[in-house]
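Working notes for the structure below.
Quick note: the coordinates plus some simple rules give every number you see, no bench work behind them. None of these values were measured; they are calculated from a predicted model. Methodologically, a virtual Cβ is constructed for each residue, glycine included, from the backbone with ideal geometry; neighbour enumeration extends over all protein chains shown.
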Amino acid sequence: MRVDCQTHVFPKAYAELLLQNTTSVRTVRKGDAYVVAYGDLQTFALSLDPYDPDRKIRDMDAAGIDVSVLTVNIPGPELLTPELGIEGARVCNDYLAELSARYPGRFVGLATLPLQDVGATMTEYRRAIHDLGLRGIFLFSHVAGKPLDAPEFEPLYAAAETDQIPLVLHPTVPTWGEVVKDYSMIPMVGLMMDTSIAMLRLILSGTLERHPNLLIVHPHCGGVLPYLMPRVEEQTEVKRRGREHIRKSPGEYYRNVYLDIVSPSAQAMRYAYEFSRPDRLLFGSDHPWVKIEAILEYFDRLALPAEHKAMILGENARRLFRVE
C-alpha cells in the first residue's frame, strides 16, 4: 500500500467563511479565486478547482497512491477571530470526515483546531478525534504569533500523547516574514525556517521531555533542522546553552520525530534518510501544489533497500495514522 501523508483539500464553505474574517488575515473574491492576504507580508490566490476530491482521486490513481491523508490548507482557523475560528474548525473537520466516508479506503483526515481558544480547542479535539474519527491533528508552526511551546497548549499535548494521536506540523506565514518578504522568499525559505524553529522550540522547551511518547511529524524533510542539528548540539552539549528544560541532547528527542520527504530533490531525501531512521520517514507529495509523480520520481532515484522503500511509501504511515 502507498500512502500520501501530505495532501490538501479546501472546502468551499471554509473559503466563504474566510471572507468574513476581520483579523490581519483578510480574504476577498476575485473571479473564481479567493485572494488571501497576510497583512502586507504575503498574498496567495486560492482556486478551489485543484482541490476537488474527485480530481485528487484521479491523480492518486494515476500515480499509484492508495490512500491520502487529507488536511485543509492554510490559512488555519487559529488566525481568525475566535468565533470564526471555532466555526471554521468545525466546518473543516466535518468536511474531512464527510470525504473519508464518501471515499472509504481512499482518504483519512487530520483535524484542524481553533487554537486561539484552548477550551474550544479541547472540545473540538474530542469531537474531531473521538466522534468524527479523524486520525491526527494539523498543527501550524505558530498560533497567530504564539509559539507552540506556550504553556497553555499543554492540555493538547497531554491528550494527544495519551490517545497516541499524531501532531503534524505545517508551515504558515511567519510573524517575522518582513525580513524575507521580498522576492517571494517567504514560500521559498520562510516557511521551512518557521517549522524548523517551531520544532526546535518543542524540543528545547522540554515539551518532548514532558511528553516522551508524543507523536510528531515534521514536514519537508525537516525543513532546515536536520542540516543544522550538529550546530544546535554543539551549542547545547559543548557550550551548555539552551539546556534549561532538557536532559538529553536535542538530536535524541528529534530522532523519534517523523519526517516526511516532501522536497523536489533526491539529494534532500537522501540526507533525510541518512539523518533519520527508515521507520521515521513518510512519503508525501504536497498535492495539489506539487504533482505526486514529481515527488515519486525523485524518490525512485534513491538506491535504498526494498524493505526501507516499502516502509517509507506506506508501512510507516499505515501504522502512524491507523490506515486500514
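Under the rule of at least 5 residues apart or a separate chain, name every residue whose amide H is placed under 5 Å from the amide H of Leu46.
Tyr34, Val35, Val36
For region 266-324, what does the alpha-carbon gyration tensor say about shape, rounded, prolate or oblate, given a ≥ b ≥ c as the root eigenvalues, a/c under 1.5 as rounded, and a/b over b/c as prolate?
Working: a/c = 1.72, a/b = 1.06, b/c = 1.63.
The shape class here is oblate.
Taking neighbour counts of Cβ atoms within 10 Å as a proxy for exposure, in what order, fewest first, do Glu98, Glu124, Glu87, Glu152 appear? Each step should come with its number before you reach the end.
Details: Glu98 15, Glu124 25, Glu87 18, Glu152 12.
With the sparsest Cβ surroundings first, the list reads Glu152, Glu98, Glu87, Glu124.
Residues with beta-carbon under 15 Å from that of Ala37, excluding Ala37: net charge, scoring Lys, Arg +1 and Asp, Glu -1?
Details: positive: Arg26, Arg29, Lys30, Lys181; negative: Asp40, Glu178.
After counting each charged neighbour, the total is +2.
So which helices of the chain fit the span-like rule, where a helix is a whole DSSP H run, its Cα atoms reach 18 Å or more along the axis, and its mean Kyte-Doolittle is at least 0.0?
Values: long enough: 82-102 (30 Å, -0.14); 191-204 (20 Å, 1.59).
In the chain, the long hydrophobic H runs are 191-204.
Among residues other than Gly190 whose Cβ falls under 13 Å from its Cβ, what is the net charge (Lys/Arg +1, Asp/Glu -1)? Please list the in-between numbers first.
Details: positive: Lys181; negative: Glu178, Asp182, Asp194.
With Lys, Arg at +1 and Asp, Glu at -1, the neighbours total -2.
Sequence-distant or interchain residues sharing an amide H contact under 5 Å with Val9, placed H: which?
Thr71, Val72, Asn73
Quickly estimate the mean residue ellipticity at 222 nm for the chain, helices only: each DSSP H run with n ≥ 4 gives -39500 (n - 2.57), and the total goes over all residues, rounded to 500. If you can, show how the numbers build up before the last one.
Numbers: 13 runs with 119 residues, N = 324.
Result for the chain, helices only: -10500 deg cm²/dmol.
Would you mind calculating the relative contact order of region 65-123 from Cα pairs under 8 angstrom and at least 6 residues apart, reporting the percent as a whole number?
44 percent
Could you list His211, His218, His8 in order of exposure, starting from the residue whose Cβ has the fewest other Cβ atoms within 10 Å? Write out the running numbers ahead of the final one.
On the way: His211 17, His218 27, His8 20.
With the sparsest Cβ surroundings first, the list reads His211, His8, His218.
Just rank His130, His245, His170, fewest to most, by other beta-carbon atoms within 10 angstrom.
Numbers: His130 11, His245 14, His170 25.
Exposure proxy ranking, most exposed first: His130, His245, His170.
Can you give the direction-averaged projected area of the convex hull of the alpha-carbon atoms in region 190-289, in nm²? Could the numbers behind the result be given before it?
Working: hull surface 25.9 nm².
Convex hull of Cα atoms, orientation-averaged projection: 6.5 nm².
Remind me, relative contact order of the chain in percent, using alpha carbon pairs under 8 angstrom and six or more residues apart? Write down the numbers at each step before the final one.
Numbers: 566 pairs, mean separation 56.6, N = 324.
Once normalised by length, the contact order is 17 percent.
First obtain the Kirkwood hydrodynamic radius of the chain from its Cα pairs, then insert it into the Stokes-Einstein equation at 10 °C and 1.306 mPa s, and state the resulting D in µm² per second as a whole number.
Details: Rh = 19.9 Å.
This corresponds to a translational diffusion coefficient of 80 µm²/s.
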